[in-house]
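Trainee: Starting off with a structure, shown below.
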C-alpha cells in the first residue's frame, strides 16, 4: 500500500497520535494510553522510559503491529486505525525501516540477503532502492557507509557476525529503499558509550540523506544530546497493569 498524499494540516508531521488506547489481552493485561504525540518530518526523537513502562507497546502501535482500540493514529496521512491487519503489514513494509533490539536477522542468510529482505515485500521501496542501479549495489553502499565491507563479508552468515556487525547490518536493512520513518528499539543497548555515539552518527547521516525521520526508544537519557528532541514516555502516556478484561 502506498500512503495517500499528506493533507495541508498533516504535512508537517510524519506521525500524529491523539487519544490512542490499547490493552494487551487477559485479566492481567498491560494497557497504554497515549494522549498526544507528533513526529515532525525529518526530526530525530529519542523516547525514554524505564523498563516495563510501555516503550515496546508504543512502538508496536506506531508500526501497526497492533491496532489501538480508540483514538487517532495518523502516519504519512494514512489513518492506521482504518487499515486491516494485512494492509498495515504492507504499509509497514513500504514506509518503515525497523531496527529491532535483538536485530532479528536471518541467522543463516548472507549479509546482503539480510539487508535486501524488506524489498521482497515492498514494491515501491524496491524501486527506490534501484534508482541509481541494482538494489544489491545500494545494499553494499549502505553497509560501507556504516563501516562494513560487503565483499569482506560475502562468505559470512549473519549468525557468524559480531554483535556490532549485526547491529550495522540491521541498520542497513532498515535504511534500504529510503523509508520515510526509521524506528529503533534499544539498538545500542549492547554497545559501550563511544560505540553507541559513533553508531548513531552513522545512522543519522544516512537517514538525513534519505529524508527519513527517526524515532528511537531507550532507557538511556544520556543519548539525548544526539537527538533533536527527547520525549519521556510518562509525559505523553499513562500505563496500567491488571485491568479486568
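Trainee: Taking each pair of different alpha-carbon atoms in segment 13-241 once, compute 1/r for the pair, average those values, and report the inverse of that mean as the Kirkwood hydrodynamic radius in Å to one decimal.
Mentor: 18.0 Å
Trainee: Express in nm, to one decimal, how much length is gained between residue 70 and residue 28 on full extension, taking 0.36 nm for each residue of separation and deducting their alpha carbon distance.
Mentor: Going from the current span to full extension adds 13.1 nm.
Trainee: As a footprinting exposure proxy, order 57, 69, 81 by other Cβ within 10 Å, with the fewest listed first.
Mentor: Result, fewest neighbours first: 69, 81, 57.
Trainee: In what sequence do 216, 102 fall when counting other Cβ within 10 Å, fewest first?
Mentor: Ordered by Cβ neighbours within 10 Å, fewest first: 102, 216.
Trainee: Could you check which residue among 142, 62, 117 shows the biggest mean-square fluctuation in a GNM of the chain with a 10 Å Cα cutoff?
Mentor: Of 142, 62, 117, the most mobile in the Gaussian network model is 117.
Trainee: Please report the projected area of segment 10-75's Cα convex hull averaged over all directions, in nm². It would help to have the intermediate numbers written out before the result.
Mentor: Details: hull surface 18.9 nm².
So the mean shadow area of the Cα hull is 4.7 nm².
Trainee: Averaging over all projection directions, find the projected area of the Cα convex hull of segment 66-155 and quote it in nm² with one decimal place.
Mentor: 7.5 nm²
Trainee: Looking at the square roots a ≥ b ≥ c of the eigenvalues of the Cα gyration tensor of segment 138-188, which shape do they give, rounded for a/c under 1.5, prolate if a/b is larger than b/c, or oblate?
Mentor: oblate
Trainee: Can you sort 111, 45, 14 from fewest to most other Cβ atoms within 10 Å of each residue's own Cβ?
Mentor: Lowest count first: 45, 14, 111.
Trainee: Could you work out how far helix 193-210 tilts from the main Cα principal axis of the chain, as a 0 to 90 degree angle to the nearest 10?
Mentor: Result, in degrees: 90.
Trainee: Moving on to the next point. If a/c stays under 1.5 just call it rounded; otherwise compare a/b with b/c (prolate if a/b is bigger, oblate if not). Do that for segment 1-121, with a ≥ b ≥ c from the square roots of the Cα gyration tensor eigenvalues. Numbers along the way, then the final one.
Mentor: Numbers: a/c = 1.60, a/b = 1.16, b/c = 1.38.
Verdict is oblate for segment 1-121.
Trainee: Indicate the gyration tensor shape class of segment 129-223 (rounded, prolate or oblate), computed on the Cα atoms with a ≥ b ≥ c the square roots of the eigenvalues: a/c under 1.5 is rounded; otherwise a/b larger than b/c is prolate and the rest oblate.
Mentor: The shape class here is oblate.
Trainee: Could you give the length gained on full extension between residue 205 and residue 102, defined as 0.36 nm per residue of separation minus the Cα-Cα distance, in nm?
Mentor: Values: separation 103, 0.36 × 103 = 37.08 nm, distance 2.26 nm.
Gain in length upon complete extension: 34.8 nm.
Trainee: Here's another thing I want to ask about it. Helix 85-95 versus the longest principal axis of the chain: what angle, 0 to 90°, nearest 10, using Cα atoms?
Mentor: Here the helix axis deviates by roughly 50 degrees.
Trainee: Here's another thing I want to ask about it. Would you calculate a helix-derived [θ] at 222 nm for the chain, using -39,500 (n - 2.57) for each DSSP H run of n ≥ 4 and dividing by the full residue count, to the nearest 500? Intermediate results must be reported in sequence, preceding the final value.
Mentor: Working: 8 runs with 78 residues, N = 245.
Per the formula, -9500 deg cm²/dmol.
Readers should treat all values here as calculations from the given coordinates under stated rules, not as data from a laboratory. Given the structure is predicted, the values throughout are model-derived calculations rather than measurements. So basically every Cβ, Gly included, is an ideal-geometry build from the backbone, and we count neighbours across all protein chains shown.
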